[in-house]
Amino acid sequence: MTDKKKAAAASAANGAAASAPVPDARRLKHIEASLRTKYKHKIFNKFVQAICDYDMIHPGDKIAVCISGGKDSMLLAKLFQELKRRNKIPFGLVFLCMDPGYTAANRRALEDNAALLHVPLTLFETAIFDSVFHVEQSPCYLCARMRRGYLYRRARALGCNKIALGHHFDDAVETFLMSILYAGEVRAMMPKLHSTSCPGMELLRPLYYVREADIRQWRDENGLRFLQCACRFTEENALPRADGASGSKRLEMKELIRRLEAGNPQVGANIFHAMGNINLETVLGYKLDGREHSFPDTYGRGRPADGSTILP
């Protein structure tokens, strides 16, 4: 082959390579398509159903989707992008990511995943991990409150009126059980709530109906590797103790539910249903509008003629 023919062949090959889709582009297309096909009913439809059931999004909203780098928040970002693409409701999006003190490797992994999934991050830094690492009592609770405060304030500065977090069905069930077993109260993780620290801001949990097992399956089938908590304290507590137990109460709840569902697969669903099926006539006490009410206070008063529940 002459030099001229070699040059022409090389040019043609380079042109073909340039016009062919890069592997990451093909991979992204497959990942996004999976949410419209195989995972449409298990994930996307449940995401949309929670938004509709709890009236989460209104025209003109600007929502900060909070990205931690884990599987839940990255999935949430892709679901919001898909919802935005369908353009049923006019709303704005910001993909807000706080670095609370990640290692260089974890920060790089987060940014690489965001680039792969075409999630444009708005990043800012804090030193929360260092602030709570030596706190002995409830460091995870303190960390979560501090992170939420930073996210609220940054979201508001960006013109957002809502933030969206990646808490899912299993998080709600586990939190409900923890409140009963370790706090002695019945308290649910709500699908949305108004901020008490940032007036005018609202928190959304659009993955409220999505099971964690389905999120894991979507992640694994697409070959994705996301961050866990990336917190030094949590990584240590995730290790089993000498007695075989885990230091994390949430992990204890996951294991308890797993064991119960081995005998009855409906356990998780029943606990979730119980959060919205509390009969005030059969509890010893409850709080309403900040006031405490107890069973002895209403016992023997009779039932209203219309059959309604007795409430002060």
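The table below lists the values:
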quantity: Subset of LYS78/LYS192; LYS38/LYS192; LYS62/LYS254; LYS162/LYS249 violating a 22 Å alpha-carbon distance limit; calculated: LYS38/LYS192; LYS62/LYS254; LYS162/LYS249
quantity: Column: log10 I(q)/I(0), Debye, Cα scatterers of region 24-237, q = 0.18 Å⁻¹; calculated: -1.54
quantity: Region 24-237 - charge dipole about Cα centre, Lys and Arg +1 at Cβ, Asp and Glu -1, debye rounded to 20; calculated: 900 debye
quantity: Other-chain or far-sequence residues with amide H under 5 Å of THR126's (modelled H); calculated: ASP99, GLY101
quantity: Cβ-based exposure ranking for ARG36, ARG291, in which fewest neighbours within 10 Å come first; calculated: ARG291, ARG36
quantity: Computed E for ARG216/PHE295 - FRET, C-beta separation, R0 45 angstrom, nearest 0.05; calculated: 0.60
quantity: Amide proton proximity set for ILE63, modelled H, under 5 Å, gap of 5+; calculated: GLY92, LEU93, VAL94
quantity: Bridge type composition, region 24-237 - antiparallel percent by DSSP, nearest 5; calculated: 15 percent
quantity: Principal semi-axes in Å for region 17-118 [√(5λ), Cα gyration tensor, largest first]; calculated: 24, 20, 13
quantity: TYR286, TYR299, TYR152, TYR208 arranged by Cβ crowding within 10 Å, fewest neighbours leading; calculated: TYR299, TYR286, TYR152, TYR208
quantity: Residues ILE271, ILE128, ILE43 arranged by fewest to most Cβ contacts within 10 Å; calculated: ILE271, ILE128, ILE43
quantity: Inter-label distance for ILE180 and LYS88, nm, one decimal - labels placed 7 Å from Cα along Cα-to-Cβ; calculated: 3.3 nm
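Bear in mind that the values in this text are calculations on the coordinates, not laboratory data. Note that this is a predicted model, so its numbers are computed, not measured. Here Cβ is always computed from backbone atoms with ideal geometry, including for glycine, and neighbour counts include all displayed protein chains.
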